[in-house]
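A short write-up of the structure that comes next.
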Ligand code: SF4
């Protein structure tokens, strides 16, 4: 029995499929709820504070003090909102969490001067059709550079990738450049990842070749997803992300049992083999 195809692909879904096909299936196709994670909550909180800073303030008003005030406003909105209200906090943990978010905001000011940024939009949702595949994504920030060209910015609150992973993570921002080009009719001259933890900035200029490569890679991933759905064959790929995975009880690679998946027939043993 074939599994239903996901309705669209986003950069995070592409990464999720490449990281571990089984985790992708359980999250994207079976839509199993994942418990709220502090890691995701911190990303959402810092993104929200930066969105408020860059969108609500005139360039001259984008000071560190203003950023701290935006964070203070974002804390109840995000941590007491529907998605993250259930996060368990030990004594003093929430305060330490907010203090760390404030540190990430301070690091942002080491990466660029926000008073010199001409923001066109923040948290821009874009989608395009590529053959039978719908691509969608949310662009953290779109700017007009000093040269009048478009610049895409993506904030990251986790650790920056090692050199081996750098190109694959830049694939995500190439994805956003492609969306911009299709939706707005102009290719961004630059896409940048601002890693707030280190802090570290990585940027690249999309070219015909990089955009073509992105389309080829995305089509290949989509074809792999179609085949996996048709065969109901999504293999676990154990790695460093297992530590953060919510599906241990279902994952045969870490001693779980996939046949316990609600509403599913038992899985054939060969389909629980670990991906190479
Ligand atoms: S525990 Fe690891 S191998 Fe298993 S589904 Fe999660 S990420 Fe994949």
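Every number here is computed from the coordinates shown, using simple stated rules; none is lab data. Given the structure is predicted, the values throughout are model-derived calculations rather than measurements. Neighbour counts are summed over all protein chains in view; Cβ atoms, including those assigned to glycine, are modelled from backbone coordinates with ideal geometry.
Judged by the gyration tensor of its Cα atoms, with axes a ≥ b ≥ c, the stretch 194-240 is oblate; a/c meets the 1.5 cut and b/c is at least as large as a/b.
Using R₀ = 35 Å, calculate the FRET efficiency as 1/(1 + (r/R₀)^6) where r is the Cβ-Cβ separation of residue 227 and residue 40; round to 0.05.
Numbers: r = 29 Å, r/R0 = 0.84.
Here the calculated transfer efficiency is 0.75.
With 10 angstrom as the radius, rank 261, 130, 250 by how many other C-beta atoms surround their C-beta, starting from the fewest.
130, 261, 250
Placing a pseudo-label 7 Å from each Cα along the Cα-to-Cβ vector at residue 259 and residue 204 gives an inter-label distance of 4.4 nm.
Can you sort 24, 109 from fewest to most other Cβ atoms within 10 Å of each residue's own Cβ? Mind dumping the intermediate values first?
On the way: 24 21, 109 14.
Arranged by neighbour count, lowest to highest, 24, 109 become 109, 24.
Specify whether the C-alpha gyration tensor of the stretch 116-218 places it in the rounded, prolate or oblate class, a ≥ b ≥ c being the square roots of the eigenvalues: rounded for a/c under 1.5, otherwise prolate if a/b is larger than b/c and oblate if not. Write out the running numbers ahead of the final one.
Numbers: a/c = 1.61, a/b = 1.14, b/c = 1.41.
Here the stretch 116-218 falls in the oblate category.
Residues in the stretch 191-217 near a label at residue 109, defined as backbone nitrogen under 17 Å from the 7 Å Cα→Cβ point? What the label zone holds, given the 17 Å backbone N cut-off, is 196-200.
From a point 7 Å beyond the Cα of residue 136 in the direction of its Cβ, which residues of the stretch 1-44 have a backbone N at a distance under 11 Å? Once the point is set 7 Å along Cα→Cβ of residue 136, 7-10 turn out to lie under 11 Å by backbone N, inside the stretch 1-44. Footprinting exposure proxy ranking of 191, 98, fewest other C-beta atoms within 10 angstrom first, gives 98, 191. Is the stretch 54-99 rounded, prolate or oblate when judged by the Cα gyration tensor, a ≥ b ≥ c being the square roots of its eigenvalues, rounded requiring a/c under 1.5 and prolate requiring a/b larger than b/c? It is oblate, given that a/c is not under 1.5 and a/b is not larger than b/c.
For the chain, the relative contact order comes to 20 percent (Cα pairs under 8 Å, sequence separation of at least 6). Estimated translational diffusion coefficient (Stokes-Einstein, Kirkwood radius over Cα pairs, 10 °C, 1.306 mPa s) of the chain: 78 µm² per second.
Annotation: the antiparallel percentage among DSSP beta bridges lying fully within the chain is about 75.
Quick one: plug the Kirkwood hydrodynamic radius of the stretch 38-114 (C-alpha pairs) into Stokes-Einstein at 20 °C, 1.002 mPa s, and report D in µm²/s. Don't jump to the answer; show the numbers that get you there.
On the way: Rh = 12.8 Å.
After rounding, the answer is 168 µm²/s.
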